[in-house]
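J.: I'd like to ask you about the structure that follows.
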Amino acid sequence: MGKRLPMHGEKTIVEHITVGLGKVSAALRSQAWEGGIERRLTPTQGQILLFLAARSGTAVRLNDIAGELCLTAATVSDAVMTLVDKKLIKKARSAEDQRALALTLTAAGLLEAKQTSGWTEVVQAGVSSLTPDEQAVFLRGLTKVMHSLQQQGVISIARMCAGCAYFQPYVHADSARPHHCGFVDAPLGEGQLRLDCPDFVPGVERDQERRWQTFVRGGQGQ
Ligand code: SF4
C-alpha cells in the first residue's frame, strides 16, 4: 500500500488557489519594483500610467483611479502629483464636473506606459503556457472571482462582459461561441470574454442579475 499524504494542516483546493493567486500578485509586485528602480517609478505610479494608457486618451478622474486600483485618494493624489512634475501626466478640470480633475497621459507618459507594460511579461508568459481551452476556463474562473470581489465591495465595477449591458450569454447554439456582444453584434466564445473592455456599458441591476444567473448556469433554465 502506498504512503498516505500528510493530512495535518492540509490545505483545501480553495486555499491552494488563493495561495497561487497571492504568488502571482507577488510576482507582479516584485517585477514592478525591479522595473520601477530602472525607470524611477514606484509600482503605484507605474499602475497609474498603465491604467491611463488603457483608457486610450480619455480623461479620467482621480477617484476613478483610486477605485479601480483599490488605493486611497490620498495615495493616488501623491503619485499623480509626482507624475505631473515628471511631465508624464497632465491635468485639467473635468468637463462633466468642474470641481473634479481629469487626468490624461502626455506623449512622454504614453511612451513610459508602453515601457512599463513590460512588468507584466513574466505573468503573461505563464498564462501563455496554458492551452486555449485552459485559458478559456481560467478566464471564466477569473470572471467569477472578480464578480464575487465586486459583490463584497473589495473592487470597483470591472469593465467585464459579465456585467455589460451589451452581453447576451448563451443565446447561440454554437457551443464554441455561445454568447453575443451587442456592441459589435457578433458571437463570443468563452475565450473571448473581456475583463477590461473599453466599450463596456454597465447593465441595469435587475437585468444584470438575470444575465449573471444565465451566465453561471451555463445557459440552463433560461
Ligand atoms: S461591449 Fe465589451 S464588455 Fe460589453 S459585451 Fe461587448 S465585448 Fe463584452
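J.: Name every residue in region 57-76 that is within 21 Å of the chain's Cα centre (by Cα) and part of a helix (DSSP H, G or I), in order of residue number.
T.: Result: Leu62, Asn63, Asp64, Ile65, Ala66, Gly67, Glu68, Ala73, Thr75, Val76.
J.: The conditions are (1) in the same structural domain as Glu205 (by TED's automatic domain parsing); (2) assigned to a loop (DSSP other than H, G, I, E, B); (3) closer than 26 Å to Asn63 by Cβ, and Arg99 fails exactly one of them. Which is it?
T.: Result: Arg99 fails condition (1) only.
J.: Going by the conditions given, is Leu193 at pLDDT below 95 and of a type outside the set (Asp, Glu)?
T.: Against the criterion (at pLDDT below 95 and of a type outside the set (Asp, Glu)), Leu193 does not qualify.
J.: Residue check, Asp97 against (1) closer than 17 Å to Arg39 by Cα; (2) surrounded by fewer than 15 Cβ atoms within 10 Å (Cβ to Cβ); (3) acidic (Asp, Glu), all met but one. Which one?
T.: (1)
J.: Testing Thr131 on (1) surrounded by 18 or more Cβ atoms within 10 Å (Cβ to Cβ); (2) more than 16 Å from the ligand (Cβ to nearest atom), one condition comes back false. Which one is that?
T.: (1)
J.: Looking only at residues in region 44-63 that are touching a residue at least 60 places away in the same chain (Cβ under 8 Å) and in contact with a helix residue (DSSP H, G or I) (Cβ under 9 Å, 6 or more places away or on another chain), which one is surrounded by the most Cβ atoms within 10 Å (Cβ to Cβ)?
T.: Leu49
J.: Return only the number of the condition from (1) over 24 Å from Ile155 (Cα atoms); (2) exposed (fewer than 10 other Cβ atoms within 10 Å of the Cβ); (3) at pLDDT 90 or above that Ile13 does not satisfy.
T.: Failed condition: (1).
J.: For region 137-196, what are the residues that are part of a loop (DSSP other than H, G, I, E, B), of a type in the set (Gly, Ala, Ser) and near the ligand (Cβ under 9 Å from one of its atoms)?
T.: Of everything in region 137-196, those that are part of a loop (DSSP other than H, G, I, E, B), of a type in the set (Gly, Ala, Ser) and near the ligand (Cβ under 9 Å from one of its atoms) turn out to be Ala165, Gly182.
J.: Just checking, which of Ala108, Ala92 is without any contact (Cβ under 8 Å) to a residue 60 or more places away in the chain, part of a strand (DSSP E or B) and either loosely packed, with under 13 Cβ neighbours inside 10 Å or out of contact with any Ser or Thr (no Cβ under 9 Å at 6 or more places or on another chain) (or both)?
T.: After ruling out the rest, the residue left standing is Ala92.
J.: Look through region 14-36, keep the residues that are without any contact (Cβ under 8 Å) to a residue 60 or more places away in the chain and among the polar types (S, T, N, Q), and return whichever of them is nearest to Phe138 (Cα to Cα).
T.: This residue is Thr18.
The values are calculated or read from the model by the stated rules, or taken from the named source; none is laboratory data. Every value quoted in this text rests on a predicted model; they were computed, and no experiment measured them. Counting neighbours? That spans all protein chains shown, and the Cβs are built from the backbone with ideal geometry, glycine included.
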